[in-house]
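Reading through the C-alpha cells given below for one structure.
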Amino acid sequence: MAFVQFSKVSLAFGDRDILKDVSVNLAKGSRAALTGANGSGKSTLMKVMAGIQDCDSGDRAVQKGCRIAYLPQSGIVHHGTTLLEEADKAFEYGYQLHAEMDQIGDTLAGPNAPANPEPLLLRQAEIIAYLEESGWNRRAVLAEQTLLGLGFVPEDMTRRTEEFSGGWQMRIALTKALLQNPDILLLDEPTNYLDIEARNWLEEFLLNFEGGFLLVSHDRYFLDVTINEVYELFNGVLHRYPGNYTHYEKVRAVELETLMQQYEQQQEEIHKLEDFIRRFGYKATKAAQAQERQKMLDKILENKIEIPETLKKIHFSFPAAPHSGRLVLTTEHLGKTYHNDGSNGDQNADREVLRDLNIVVENGDRMVVAGRNGAGKSTLLRIIAGVDPDCTGTYKLGSGVSIGYFSQDNAESMKGSMSMLEMLEAEAPLELIPKLRDMLGAFLFRGDDVHKSVDVLSGGEKSRLALLRLLLRPVNLLILDEPTNHLDMHSKDVLLNALKDFGGTVIFVSHDRGFIESLATRVLELTPCHYREFPGSYQYYMEQLAKEAAGEAGTAQPAAATKTAKATQPAPEPASAGAMDWEAQKKQKAERRKLEKEEERLMILIGELEEKKADLEAQLADPAVYSDGAKSRKVQQEIDDTDAAILQTTEQWEAVSLQLQ
C-alpha cells in the first residue's frame, strides 16, 4: 500500500518553532483534514509532506513508487498552451511509462534482445496494467470531464491559459492535480476559488478517490462530507482526532474548556505575582520576597499556557438598523445585457444575463442568490446597490431603506495612509470603539497588524477590512457578494452570528454551503435569462433540485412561467408543495417564537418566585417573626406556597423547553 510517513519532524523559523516532533502517516484510503489558526504552519507542513520544504530534523519516508500531488493556496500561473493542452500535462507520468514500454518493445525486437526476456515482459505487463487502470486511454475524456466539473465551459477548452484570471488559474492547477491520479493528494485551500457547483463536484470526486488525501479548508460543510479524521496543528504540535470536522469541534471544545480554566487560573497567578513584584520590588525589606516571587513568575512563564485565537470568542452586534417599511425592494421586468462593441478583438455577440426579473424582498428576509458562474448573481447585486444602473426595467427601494454593499472589487479599491485601527476609530459608533481590537482580531488582524496602513494591505486583507467597516455602519439592507472569502472558520462564525442578529434585511451571494444553510430564509436561483424563487431554507432548495435531477416533478417553476400559467387557468391551482412547505415553515417559526417568549416569561417568573422565597426565609430568621408563633406560621405557609409555585412553574418551563427541542 502506498504511503507517506513522517516521524518526529521539527522545523523552526528563527526562534519560532513551526513544527515540533510532528508525526503523521497518510496512506491509501486516508481522508484527513489539517486545521489550525492562521499562521500556525499548516501550509508549511503541507510543503514538508510534498517534499518541497526541508525540515530541521525527523524522518520523511515515502514508499517507492508512491506519487504525491500537491496544490498550494495560490501563486500558480499557466501560459503558452490551450486549456486542454495544459490539462494534458497532468498525464506526464503516463507519457513516461508509455515511452518506457515502447523502449522495452524496441529492445525485445532488436538485435540485442536479452536471452531471458521475462523481466522485461513482466515490466511491460505492469505498465500496460497501470495505464489501463489509471484511465490513460481515456485521458482526453477525463480531462474534459474534470474541467467541466470544476466550472469551465466547452468554449474554454481551446482558449489560451494566459487569458484566465487568477481564480481560474488555480482551477486549472486543481484539475491537473486531480488528473495525475496520485497515491496521496495534498490540497491547500482547494475550495477558495470554487463556486457551489464546482465544490459539489469536488466532493463527489474525493468521495470516490481511491488514494489518500489531506485537505486544508475553511468550509465546514465541505470537510464534514469528505473527511473522517482531523489533524490540528497548535503551537507546533500535531494532534489527531478521529471523525468528521463537526465531531472534532465538539471534542476539542471540551478540551479547550478545561484549557481555558487552566489559562485563567494561570493568568490570575501571573497577575498576583507581577503586582507583588511591582509594589514591593524596590523596598529593601521586601527584596528577598520579591526575588522569590520573580523566580516563581519565571517558572510559570516557561510553561505559559497559550490560547488559540479560535477560543477567544467575541460577539458583536450591528448598530441598530434604521426603521424601514415592510417592502424593502421591488423589481419589475428587470434586465441586463452586456454589449460587445468588438473593441477588444472579441467578436462574440452581446450577452444577456437578466431578463424580466420580478421579485419582492420584505423586511427581515435573508435571501441568497444562487446559480452557476455567469448567471448574473454579482450583476444583480451591483444593480440593487446602485453601482451598475445600466439596466432595463425598474428596481425600487422601500421607504427608509439604507444600503450597505460589499464586494471584492470595491474592497480592493480602498486606499489611504491611515492605519486600519485609525480608520475604524474614525468611523465606528462610540460604543464599539473599545471592541475594535477584538473585532480586528476576529477578522485575522492581530498584534501589530492593526497599525498597518491601508495602502500596504493585500487584496485579501483589504477585503476583510472592507467587510468589517461595513459591519460598523447603521444600515438596514446589507448586500454582500462573497463575504466569506479570505475568512477562516472563526471569522465566518463571528460574521454569521452578527448577521443572524442583524435587525435588517440581507441579500447575499456565497459559495460556502454551511454559511448559506445557517443564514438563508429564501433562495433566488438565477440561470441565464431565467429565475426561480424558493421560499424556505437552502436545504429545502437543494432537496427540490435533487428531486428534479431524479426525474420527479419540481415544485418550483420559473416565476414568469408561473404567472403566465395562472393567467390561462380557469380555476386557481392548488397550493404547490413548495408553498405548503413554506407555509408550514412560517407556522412553525411563529409557534417557535411563541414558545420562546413563553419560556422567557416562565424563567423570569421562576426568578421572581425564588427572590420572594429568599425574602420570606430572611423574614423567618428575624427574631420578631420566629418568636411569634402566628407570624412564623404565616410566613412558613407563604414559603410552602411559593415552593409549590416554583415547582409548578419549573414543570411548565421544562415542558416548553421540551417542545422547543
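The values are calculated or read from the model by the stated rules, or taken from the named source; none is laboratory data. Keep in mind that this is a model prediction, so the values were computed, not measured. Here the Cβ positions follow ideal geometry from the backbone for every residue, glycine too, while neighbour counts run over all protein chains shown. Only protein heavy atoms, including side chains, enter the accessible area calculation; ligands, DNA and RNA are left aside. Shrake-Rupley method; radii C 1.70, N 1.55, O 1.52, S 1.80 Å.
Show me the helices (runs of 4 or more DSSP H) found entirely inside region 52-151 where at least 3 residues are open to solvent by 80 Å² or more (accessible area, probe 1.4 Å), without any contact (Cβ under 8 Å) to a residue 24 or more places away in the chain and not aliphatic (A, V, I, L, M). Walk me through how you get there before you give the answer.
Numbers: elements: 83-88, 92-109, 118-133, 139-149.
Where helices (runs of 4 or more DSSP H) fall fully within region 52-151 and carry at least 3 residues being open to solvent by 80 Å² or more (accessible area, probe 1.4 Å), without any contact (Cβ under 8 Å) to a residue 24 or more places away in the chain and not aliphatic (A, V, I, L, M), they are 92-109, 118-133.
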Original post:
What residue, among those in region 315-327 that are surrounded by 14 or more Cβ atoms within 10 Å (Cβ to Cβ) and among the hydrophobic types (A, V, I, L, M, F, W, C), is modelled with the highest pLDDT?
Top reply: Leu327
Subject >> Residue that is nearest to the chain's Cα centre (by Cα) [pool: residues in region 1-38 that are assigned to a strand (DSSP E or B), of a type in the set (Gly, Ala, Ser) and closer than 16 Å to Ile227 by Cα] >> reply: Ala33
Subject >> Residues located in region 70-100, provided they are among the hydrophobic types (A, V, I, L, M, F, W, C), farther than 13 Å from Ala143 by Cβ and under 31 Å from the mean Cα position of the chain (by Cα) >> reply: Leu71, Ile76, Val77
**OP:** Return the pairs, sorted by first residue and then second, in which the second residue is basic (Lys, Arg) and surrounded by 18 or more Cβ atoms within 10 Å (Cβ to Cβ), the first residue lies in region 354-367 and is farther than 12 Å from Leu327 by Cβ, the beta carbons are less than 8 Å apart, and the residues are 6+ apart or on different chains.
**Re:** Leu354/Lys336; Arg366/Arg522; Met367/Arg522
Subject >> Residue among Leu45, Leu108, Leu84 that alone is in contact with a Pro (Cβ under 7 Å, 6 or more places away or on another chain) and not acidic (Asp, Glu) >> reply: Leu108
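Listed here are the residues, each with its yes/no results for (1) under 15 Å from the mean Cα position of the chain (by Cα); (2) more than 12 Å from Val369 (Cβ to Cβ); (3) among the charged types (D, E, K, R).
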site: Asp501; (1), (2), (3): no, yes, yes
site: His511; (1), (2), (3): yes, no, no
site: Leu519; (1), (2), (3): yes, yes, no
site: Glu525; (1), (2), (3): no, no, yes
site: Cys529; (1), (2), (3): no, yes, no
site: Phe534; (1), (2), (3): no, no, no
Subject >> Filter result for Lys304 (open to solvent by 90 Å² or more (accessible area, probe 1.4 Å) and at pLDDT 85 or above) >> reply: no
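Has region 128-140 got any residue that is over 30 Å from Ile104 (Cβ atoms) and modelled with pLDDT of 90 or more? Spell out the reasoning first.
In the first step, residues of region 128-140 are kept if they are over 30 Å from Ile104 (Cβ atoms); the result is none.
No, because not a single residue in region 128-140 is over 30 Å from Ile104 (Cβ atoms) and modelled with pLDDT of 90 or more.
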Subject >> Contacts under 9 angstrom Cβ, first residue in region 255-276 being closer than 16 Å to Asn303 by Cβ, partner open to solvent by 50 Å² or more (accessible area, probe 1.4 Å) and assigned to a helix (DSSP H, G or I), 6 or more apart >> reply: Glu269/Met296; Ile270/Leu301; Leu273/Arg293; Leu273/Gln294; Leu273/Met296
Original post:
Within region 256-279, can you find the residues that are charged (D, E, K, R) and either surrounded by 12 or more Cβ atoms within 10 Å (Cβ to Cβ) or under 28 Å from Gln289 (Cα atoms) (or both)?
Top reply: Glu264, Glu268, Glu269, Lys272, Glu274, Asp275, Arg278, Arg279
Original post:
Among the residues of region 168-198, which ones are farther than 29 Å from Asn137 by Cβ and either in contact with a Cys (Cβ under 6 Å, 6 or more places away or on another chain) or open to solvent by 20 Å² or more (accessible area, probe 1.4 Å) (or both)?
Top reply: Asn192, Tyr193
**OP:** Might you let me know whether region 328-340 holds any residue that is modelled with pLDDT under 85, in a helix (DSSP H, G or I) and open to solvent by 90 Å² or more (accessible area, probe 1.4 Å)?
**Re:** no
**OP:** Kindly list, by first and then second residue, each pair from a residue in region 538-557 that is farther than 15 Å from Gly371 by Cβ and at pLDDT below 90 to a residue that is of a type in the set (Lys, Arg) and assigned to a helix (DSSP H, G or I), limited to pairs with Cβ atoms under 8 Å and residues at least 6 apart or on different chains.
**Re:** Ala553/Lys547; Gly554/Lys547; Thr555/Lys547
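Are there strands (runs of 3 or more DSSP E) fully within region 342-444 with at least 3 residues that are open to solvent by 10 Å² or more (accessible area, probe 1.4 Å)? List them. Steps first, answer last, please.
On the way: elements: 351-357, 360-362, 366-370, 392-397, 403-406.
In region 342-444, 351-357, 392-397 are the strands (runs of 3 or more DSSP E) which contain 3 or more residues that are open to solvent by 10 Å² or more (accessible area, probe 1.4 Å).
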Original post:
Among the residues of region 625-645 satisfying the criterion of being within 16 Å of Leu605 (Cα to Cα) and modelled with pLDDT of 80 or more, which is most open to solvent (accessible area, probe 1.4 Å)?
Top reply: Asp641
